[in-house]
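I am attaching a structure below and will ask some questions about it afterwards.
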Amino acid sequence: MISSMDSNALMHLEDTYGAHNYHPLPVVLYRGEGVHVWDVEGNKYFDFLSAYSAVNQGHCHPKIVGAMVDQAKQLTLTSRAFFNSQLGVYEKYICDTFGFDKVLPMNTGAEAVETALKIARKWGYEKKGVPQNQGVIVVCDGNFHGRTTTIISFSDDPDARNNFGPYTGGFVSVPYNDLGALGFALANENVVGFLVEPIQGEAGVNTPADDFVAKAKAMCEARNVLFIADEVQTGIARTGSLVAVCGNCSCGNTCERGETYTKPDLLILGKALSGGVYPVSAVLADNEVMDVIKPGQHGSTFGGNPIAAKVAIAALEVVKEEGLAPHARAMGEHFRAEMNKIIAETDLVTKVRGKGLLNAIIINDTPDSSTAWDICMALKENGLLAKPTHGNIIRFAPPLVMTKAQLDECIAIIRKTLLEFKK
């Protein structure tokens, strides 16, 4: 007996006492290790969501957990009212890893996005000379950057946005992967930044043209606009390189997008920066941008705490030591090739898309149908956990430590489920 309460009882507790802000798959997880999770009844599953790419290094990686436990026994939190012995070491490590002068440490992905927006606006007023309170940040249709009031102000997802107004102004949205529309928006001299996901994860792994990121960055440079890459989900080896905009940078891996590293002016990281064991996020920039932030103008009680610093170093070390970026690249190519074979066998799936081990399949039904959800329920019964997004899309993002043999076992589960599924 793993728990004194079964899954139904535990789900009832959440339903009764928790806000209904999520619609989870009906499985109550109790333990995780590597690519597997177990429910309270002891059933074992392959995790094909990785906590929305937060556990790229696998569940409960011993090096990352060990770093957290060791530091927790020594010092957990000082606030930034004082220096601590771990923060500077971490700041140097992450800046050296990603090739930036400075980092501003935060906790969650949404906090990091908000931080980048504030830095961009302040830079626009103090460095670019945009009139006060006239700064504009360009975003993309279908974006997902978090759920704070400011962020949902430029979302076009009605569930995220409706009835949460009044909304924060200063944002213009253009179609994703549309350089013409981006160029038109950048012609406004009050634009201070372009905030973009190199791959739109929540939108269903919406993958742009191979040259979109590089050309968008060049357009921003030409207009003196900050290029802001939100890599909260795509970063830390998920797409086959250390970050999705990466080519030949300090990680030493060749990017699927080509050989040129498109360095953002602001890089936003989170999720797997901690290996999923502790909230850690960060915004990186060079001095010319980051130095607009002065004491008292932005901060967080927990941001940069000793545990977070120690954990983040361990999480990044695991990615490098275990070669997770090139492994994700190879496994992703294999996965998409096998999915295309399955697509040839059934009309239930129309397309697979993605980079590295961030992939999605498009279900041949309308977004308002239950088909994708029902398929995920069938996958659960067959030992694999995944979730739909945007109605008729199923995202597949297993931990990057998954071996080829394990991935082939998962592909067999997906094939069996799809070929046997009846609407």
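Among (1) modelled with pLDDT of 95 or more; (2) surrounded by 24 or more Cβ atoms within 10 Å (Cβ to Cβ), which single condition is Val292 missing?
(2)
Is at least one residue of the range 1-23 more than 30 Å from Thr301 (Cβ to Cβ) and within 24 Å of the chain's Cα centre (by Cα)?
Initial filter on the range 1-23 (more than 30 Å from Thr301 (Cβ to Cβ)): 1-12, 15-16, 23.
Still in the running and within 24 Å of the chain's Cα centre (by Cα): 23.
There is at least one residue in the range 1-23 that is more than 30 Å from Thr301 (Cβ to Cβ) and within 24 Å of the chain's Cα centre (by Cα).
Let me ask something additional. Take the conditions over 24 Å from Trp123 (Cα atoms), among the charged types (D, E, K, R) and part of a helix (DSSP H, G or I) and apply them to Glu288. Does it pass?
no
So, one more: Among the residues of the range 176-191, which ones are in a loop (DSSP other than H, G, I, E, B), surrounded by fewer than 18 Cβ atoms within 10 Å (Cβ to Cβ) and in contact with a strand residue (DSSP E or B) (Cβ under 7 Å, 6 or more places away or on another chain)? Give the steps one after another, and end with the answer.
We begin by selecting, within the range 176-191, every residue in a loop (DSSP other than H, G, I, E, B); these are 176-178, 187-190.
Among the residues that remain, those that are also surrounded by fewer than 18 Cβ atoms within 10 Å (Cβ to Cβ) are: 178, 187-190.
Across the range 176-191, the qualifying residues are Asn188, Asn190.
Being at pLDDT below 95, touching a strand residue (DSSP E or B) at 6+ places or on another chain (Cβ under 6 Å) and not acidic (Asp, Glu) narrows it down to one of Cys220, Cys246, Cys251, so name that one. It would help to see each step written out before you state the result.
Details: Cys220 fails: at pLDDT below 95; Cys251 fails: touching a strand residue (DSSP E or B) at 6+ places or on another chain (Cβ under 6 Å).
Answer to the selection: Cys246.
Then there is this: Does Ala160 satisfy being aliphatic (A, V, I, L, M), over 22 Å from Arg121 (Cα atoms) and in contact with a Gly (Cβ under 6 Å, 6 or more places away or on another chain)?
no
Which one of the conditions (1) more than 28 Å from Pro198 (Cβ to Cβ); (2) in contact with a Gly (Cβ under 8 Å, 6 or more places away or on another chain) does Gly109 fail to meet, given that it meets all the rest?
(1)
Moving on. Would you confirm whether any residue within the range 44-51 is within 22 Å of Glu409 (Cα to Cα) and surrounded by fewer than 18 Cβ atoms within 10 Å (Cβ to Cβ)?
From the range 44-51, those within 22 Å of Glu409 (Cα to Cα) are 44-51; that's our starting set.
Now narrow it down to the ones that are surrounded by fewer than 18 Cβ atoms within 10 Å (Cβ to Cβ): 44, 51.
Within the range 44-51, one or more residues are within 22 Å of Glu409 (Cα to Cα) and surrounded by fewer than 18 Cβ atoms within 10 Å (Cβ to Cβ).
I'd like the full set of residues that are touching a Lys or Arg at 6+ places or on another chain (Cβ under 8 Å), modelled with pLDDT of 95 or more and assigned to a strand (DSSP E or B), limited to the range 389-402. Spell out how you get there, then give the answer.
So in the range 389-402, the residues touching a Lys or Arg at 6+ places or on another chain (Cβ under 8 Å) come out as 389, 394-395, 397, 400.
Filter once more, so that each one left must be modelled with pLDDT of 95 or more: 394-395, 397, 400.
Ile394, Arg395 - these are the residues of the range 389-402 that are touching a Lys or Arg at 6+ places or on another chain (Cβ under 8 Å), modelled with pLDDT of 95 or more and assigned to a strand (DSSP E or B).
Filtering the range 333-366 down to residues that are in contact with a Ser or Thr (Cβ under 8 Å, 6 or more places away or on another chain) and not aliphatic (A, V, I, L, M), which residue is surrounded by the most Cβ atoms within 10 Å (Cβ to Cβ)?
Gly356
On to the next question. Restricted to the range 105-157, and to residues that are outside any helix (DSSP H, G or I) and of a type in the set (D, E, K, R), which residue is surrounded by the most Cβ atoms within 10 Å (Cβ to Cβ)?
Asp141
From Ala282, Ala330, Ala309, grab the single residue that is outside the structural domain of Phe227 (by TED's automatic domain parsing) and either at pLDDT 95 or above or not in a loop (DSSP other than H, G, I, E, B) (or both). If you could, list the steps in order and put the result at the bottom.
On the way: Ala282 fails: outside the structural domain of Phe227 (by TED's automatic domain parsing); Ala309 fails: outside the structural domain of Phe227 (by TED's automatic domain parsing).
When all the criteria are applied, what remains is Ala330.
Can you tell me which residues in the range 335-359 are closer than 19 Å to Lys416 by Cβ and part of a strand (DSSP E or B)? Give the derivation first.
Of the range 335-359, the ones closer than 19 Å to Lys416 by Cβ are 335-349, 352, 359.
If the condition is that a residue be closer than 19 Å to Lys416 by Cβ and part of a strand (DSSP E or B), then Val349, Val352, Asn359 are the ones that fit.
In addition: Could you pull out the residue among Leu379, Leu324 that is crowded, with 20+ Cβ neighbours inside 10 Å and closer than 25 Å to Pro62 by Cβ? Walk me through how you get there before you give the answer.
Working: Leu379 fails: closer than 25 Å to Pro62 by Cβ.
It is Leu324.
The values are calculated or read from the model by the stated rules, or taken from the named source; none is laboratory data. Keep in mind it's a predicted model, so treat the numbers as computed, not measured. Quick reminder, even Gly has a Cβ in these numbers, built from the backbone with ideal geometry, and neighbours come from all protein chains shown.
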